[in-house]
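Trainee: I'd like to ask some things about the structure below.
Since every read-out is calculated from the coordinates, none of them should be taken as a lab result. What you are looking at is a predicted structure, and each value in this text was computed from that prediction instead of being measured. Methodologically, a virtual Cβ is constructed for each residue, glycine included, from the backbone with ideal geometry; neighbour enumeration extends over all protein chains shown.
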Amino acid sequence: MSLELEKSDLADPEFVTVRAALRRGEDLLSQFGVASPRLDAEVLLGHALNCRREDLYRGLEGVLTHEVRDRFVALLGRRRRGEPVAYITGEREFWSLAFFVTPQVLVPRPETELLVEVALRIPARQVSLARILEIGTGSGAIAVSLATQRADAEIWATDLSAAALEVARVNARRHGVEKRIRFLQGDLFAPLREWDLGFFDLMICNPPYVPSGEIEHLASEIRQWEPRLALDGGVDGLDFYRRILGDAHRYLSGAGFLVLEIGGDSGTQVSRLVEAAGTFRAPAIYRDYGGRERVVVAERLP
Ligand code: SAM
Ligand code: GLN
């Protein structure tokens, strides 16, 4: 079967109303093994019509113009070639906020919201969360979400990728927190300065943690489209934890907290690395809603 939609698909009377276009779009996507064909068809038709997905259901019998049909068919074609929906629409929701995304950034994952949630639950009597450092901010999803929740927080967000930081800046402006987030380009702690030692109450990071050899086994949607820089965690997937744990305590304040996303139930391994660093209390591990170990939290030893 050709990846391109046929001209006859365009003329297909089944594309005429919203209801029919959704059904046809769903069929076309499921023929290509897309995992959530209905949802994707809805999001893409919503994008073609410039309306929210929920709004489609208020006008199911509405007739689509040729222009909208052409646009929808083109979007379906991209999806059938494996492009993630978020890159096609340029948007993904995280923490109930709409984030701009491009192929230069990892598409923020719902399980990463747990990182934000856990950070916000750190009791104020323990640490104020006035100064936060995010390493590897990507789209800025974590930093921007935290900034919207803590009006008193100032955030420093780094990334090795200058292109990712451009996307993160757009998101900070979009959500009105650009004055409280400073974006710094460079390798992990490299963009920080001497005077940042002991400065941060909270350090938060969703590092690349896929073992290099497993990248080729990831779903093609991830492997072929998302930045390798955002995924590759070295031979055992733990390179970034080792590097971060080597320096984190130097930049954290007295009883500052380190909050890390982890993958593949690597809680035990990452906890061992935290303990081996000798600069943190025994860490806590939190599971995501799928029941998988997802977040490690460690408090710096004073
Ligand atoms: N924080 C975003 C999120 O949770 O959706 C993105 C996380 S993504 C897994 C990891 C991020 O770390 C990517 O944006 C990548 O560019 C960045 N990164 C990779 N290596 C880095 C390094 N050596 N120093 C700083 N950032 C790095
Ligand atoms: N959660 C990502 C995945 O779906 C991996 C992101 C990361 O390495 N932090 O594979």
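Trainee: Please sort by residue number the chymotrypsin sites (Phe, Trp or Tyr not before Pro) in the stretch 219-302 whose DSSP state is loop and whose Cβ has at most 16 other Cβ atoms within 10 Å.
Mentor: Those satisfying the criteria are W225, Y289.
Trainee: Whose amide H sits under 5 Å from the amide H of R287, counting only residues 5 or more places off or on another chain, with H placed in the peptide plane?
Mentor: Correct list: R294.
Trainee: Read phi for every residue in the stretch 128-139 and hand back ³J(HN,Hα) as whole Hz from Karplus 6.51 cos²θ - 1.76 cosθ + 1.60, θ = phi - 60°, with x for Gly and Pro.
Mentor: After applying 6.51 cos²θ - 1.76 cosθ + 1.60, I find 7, 6, 6, 10, 10, 10, 10, 9, x, 6, x, 5 Hz.
Trainee: Per DSSP H run of n ≥ 4, the term is -39500 (n - 2.57); total these for the chain, divide by its residue number, and report the mean residue ellipticity at 222 nm rounded to 500 deg cm²/dmol.
Mentor: Helices in the chain give a 222 nm mean residue ellipticity of -10500 deg cm²/dmol.
Trainee: Of all the stretches in the chain, which is the longest one without any exposed loop site, taking GluC sites (Glu not before Pro) in a DSSP loop (any state but H, G, I, E, B) with at most 16 other Cβ atoms within 10 Å?
Mentor: With a cap of 16 other Cβ atoms within 10 Å, the longest stretch comes to 62-302.
Trainee: Which far-off residues, 5 or more places away or on another chain, put their amide H under 5 Å from the one on A157, with H placed in the peptide plane?
Mentor: Answer set, sorted by chain and number: E134, R182, F183, L184.
Trainee: Moving on to the next point. Tell me, what ³J(HN,Hα) does each residue in the stretch 54-68 have, in order and in whole Hz, if you take phi through Karplus 6.51 cos²θ - 1.76 cosθ + 1.60 with θ = phi - 60° and put x for Gly and Pro?
Mentor: Per-residue couplings from phi come out as 4, 5, 4, 6, 8, x, 4, 8, x, 8, 7, 6, 4, 4, 5 Hz.
Trainee: While we're looking at this one, here's another question. Report, to the nearest 10°, how far helix 37-49 tilts away from the longest principal axis of the Cα atoms in the chain, using its own Cα long axis and a range of 0 to 90°.
Mentor: Around 80 degrees separate the two axes.
Trainee: In a solvent-free Debye calculation with one equal scatterer on each Cα, what is log10 I(q)/I(0) for the chain at q = 0.14, 0.15 Å⁻¹, listed in the order of the q values?
Mentor: The computed values of log10 I(q)/I(0) come out as -1.01, -1.11.
Trainee: Can you compute the charge dipole magnitude of the chain about its Cα centre, using +1 on each Lys and Arg Cβ and -1 on each Asp and Glu Cβ, nothing else charged? Give it in debye, rounded to the nearest 20.
Mentor: 660
Trainee: Given an 8 Å cut-off on Cα distances and at least 6 residues of separation, report the relative contact order of the stretch 213-302 as a percent.
Mentor: 27
Trainee: Hey, another quick one. Please say if the stretch 122-197 is rounded, prolate or oblate, where rounded means a/c under 1.5 for a ≥ b ≥ c the square roots of the C-alpha gyration tensor eigenvalues, and otherwise the choice is prolate for a/b larger than b/c and oblate otherwise?
Mentor: On the way: a/c = 2.14, a/b = 1.18, b/c = 1.82.
Here the stretch 122-197 falls in the oblate category.
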